[in-house]
Amino acid sequence: MFRLIIKFIRLKLSCGFLFEIMVFLRWPWWGGKPDEDKEMIINPTYNLRLVGDMTDSRGFHALRGVTVASTLTAFDHRMFFDLLLSAAKCKGNPRKEKAFLALVPPFIIEMMEYTDILIDREIAPKAVKYMGRLEMPPASISVERAVGAFEKPAGRADYVVGKHFYLQRDNTIPVEIVELMGNVMNNKNFDFCNVFDMEPSILWCVDPCTDFISPFHLSDAQADIVSGLLQGTFPLNDISNELFEMLKEVEVLVTDAGFKARRAAHEKCMADNKAFLVANEYVVVKSSFNLLHAAWQRHYLKALVTGGYFMPSDVQVPNRQFIHNEPYCNFLHHMQVRELNKLLPEVVSPSFSFLANYYAGSDLEKHIDREQCEWNVSMPMDIFPNVDVENAWPIYVQTDIDDDNSIVELNMGIGDVAVYRGTKLYHWRERMGHGRYANICFFHYVNGEFKGSLA
Ligand SMILES: [Fe+2]
């Protein structure tokens, strides 16, 4: 009995509502026993999230545990789904995992082993997480600059060390980044470790105009140099040409004139975009990412695709895969809200993000969106083959449904975004041709007063 009480307390502390599930189902109060010869853990790539309103339908995706779909069909029960959701929430926390497994009935343990949700630590795959690198990316993921205002034509002697970057050499995230993320995410529980590969050393760069955060892994030699730059002990002339170019790109090295010109260009661009958006309820905003961030972001997306992270089918759109509220996209989603609120005529907050791969044969029918998508930001994050902006897969918006002359074609390169009022402007994409591929993330926002579901 004493053991049972302890289990209840641990469960209540670690898994929350699972306690109510067990009571509701009156399942036997003995825990399942994973294979004792192996150290079984919840698969680091396993994930499960709600899509839509659970009261009338359920959607989900599972990372590399796709067979869970058929298992769910066999055990089609709301509480069973909640239990699998609890497993996803316990993932990566040994204490929570142990408490969870101690109370799960044996047949569920069996099912979890069968579907690789529960897996031997020795053979468990590593979860894919985002992180850039401070080196020239492979040509297959490089991104071309579309905005002249960010060019850096000055000579090497004009550069000085900038002020908007932070170096992390151990497991402690710089307090400036935590504070910035705290403000941006408005969520103290935001877990860096779920989004970024936190292996030190990390260079955290902050865009001085937008406050966008770009992290990069550094080699030990690079970290020594950046540390020397911060302390004023490493001469700029001793930096190799290749690293000098990288440090310019991420604005660790800046020129005074270039910095002022960049800020002035950004403010003018924002003012022009705002005027256009207020008049038309749509606008295309050129990318604010540095090239390295955009390139490594592209690399990350490829890793998600090859890692099987995408829901493999989509009933709404043919030849499309998707991830609802993908963790890194959620980071971008919340990070861009401050800039978005400078553009829009009303204050908005994030509802959900939707990351989608489109293959040949995909299209998007003309439609307007549900209320969770009052304002939309559509961002191509990867395009194949590499094409110039004019030949990218465009989205069409129609500002007046009764007037075909009000149809506008919006073209975007990687990292550019289309901002439009989704609940009012009809929008669509035409069928994608053979040999093409596009990865697009949709970031949806609601009016700050919105009270409904954000899923
Ligand atoms: Fe839409």
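The values are calculated or read from the model by the stated rules, or taken from the named source; none is laboratory data. Since this is a predicted model, take the numbers as computed values, not measurements. Neighbour counts run over all protein chains shown; Cβ positions are idealised from the backbone, glycine included.
Anything in segment 381-397 that is away from the ligand (no atom under 16 Å from the Cβ) and in a loop (DSSP other than H, G, I, E, B)? List them, or say none.
Result: 385, 386, 387, 388, 392.
Just name the residue that is farthest from residue 440 (Cα to Cα) out of those in segment 360-380 that are away from the ligand (no atom under 13 Å from the Cβ) and buried (at least 20 other Cβ atoms within 10 Å of the Cβ).
362
For segment 314-350, name all the residues that are assigned to a strand (DSSP E or B) and either hydrophobic (A, V, I, L, M, F, W, C) or modelled with pLDDT under 90 (or both).
320, 321, 322, 323, 324, 348
Being surrounded by fewer than 20 Cβ atoms within 10 Å (Cβ to Cβ) and not small (Gly, Ala, Ser) is the requirement here; does residue 316 meet it?
yes
State whether the residues of segment 254-269 include one that is within 29 Å of the chain's Cα centre (by Cα) and aromatic (Phe, Trp, Tyr).
The answer is yes; a qualifying residue exists.
In segment 408-421, how many are over 17 Å from residue 294 (Cα atoms), more than 15 Å from the ligand (Cβ to nearest atom) and within 23 Å of the chain's Cα centre (by Cα)?
Counting residues in segment 408-421 that are over 17 Å from residue 294 (Cα atoms), more than 15 Å from the ligand (Cβ to nearest atom) and within 23 Å of the chain's Cα centre (by Cα) gives 1.
Could you give me the residue pairs with C-beta distances under 8 Å whose first residue belongs to segment 202-214 and is touching a residue at least 60 places away in the same chain (Cβ under 8 Å), whose second residue is assigned to a loop (DSSP other than H, G, I, E, B) and surrounded by fewer than 19 Cβ atoms within 10 Å (Cβ to Cβ) wherever it lies, and which are 6+ apart or on separate chains?
202/131; 205/164; 207/164
Quick check: is even one residue across segment 281-298 under 30 Å from residue 46 (Cβ atoms), among the β-branched types (Val, Ile, Thr) and touching a residue at least 40 places away in the same chain (Cβ under 8 Å)?
no
Go through segment 199-254 residue by residue and tally those that are of a type in the set (Val, Ile, Thr) and assigned to a helix (DSSP H, G or I).
Result for segment 199-254: 2.
If only one of 283, 252 is crowded, with 17+ Cβ neighbours inside 10 Å and more than 21 Å from residue 134 (Cα to Cα), which one is it?
283
Can you tell me which residue among 405, 357 is away from the ligand (no atom under 12 Å from the Cβ), of a type in the set (S, T, N, Q) and assigned to a helix (DSSP H, G or I)?
405
What's the total number of residues in segment 357-400 that are in contact with a Lys or Arg (Cβ under 9 Å, 6 or more places away or on another chain), without any contact (Cβ under 8 Å) to a residue 60 or more places away in the chain and not polar (S, T, N, Q)?
9
Would you pick out the residues in segment 151-182 that are without any contact (Cβ under 8 Å) to a residue 12 or more places away in the chain and hydroxyl-bearing (Ser, Thr, Tyr)?
Once the filter is applied, which keeps residues that are without any contact (Cβ under 8 Å) to a residue 12 or more places away in the chain and hydroxyl-bearing (Ser, Thr, Tyr), segment 151-182 yields only 172.
Quick one: residue 277 ticks every box in (1) modelled with pLDDT of 90 or more; (2) outside any helix (DSSP H, G or I); (3) closer than 24 Å to residue 407 by Cα bar one, so which box is it?
Unmet for residue 277, out of (1) modelled with pLDDT of 90 or more; (2) outside any helix (DSSP H, G or I); (3) closer than 24 Å to residue 407 by Cα: (2).
Can you give me the number of residues within segment 374-392 that are over 14 Å from the mean Cα position of the chain (by Cα) and at pLDDT 90 or above?
3
Kindly provide the set of residues from segment 422-437 that are surrounded by fewer than 22 Cβ atoms within 10 Å (Cβ to Cβ), within 15 Å of the ligand (Cβ to nearest atom) and of a type outside the set (Phe, Trp, Tyr), ordered by number.
423, 424, 425, 429, 430
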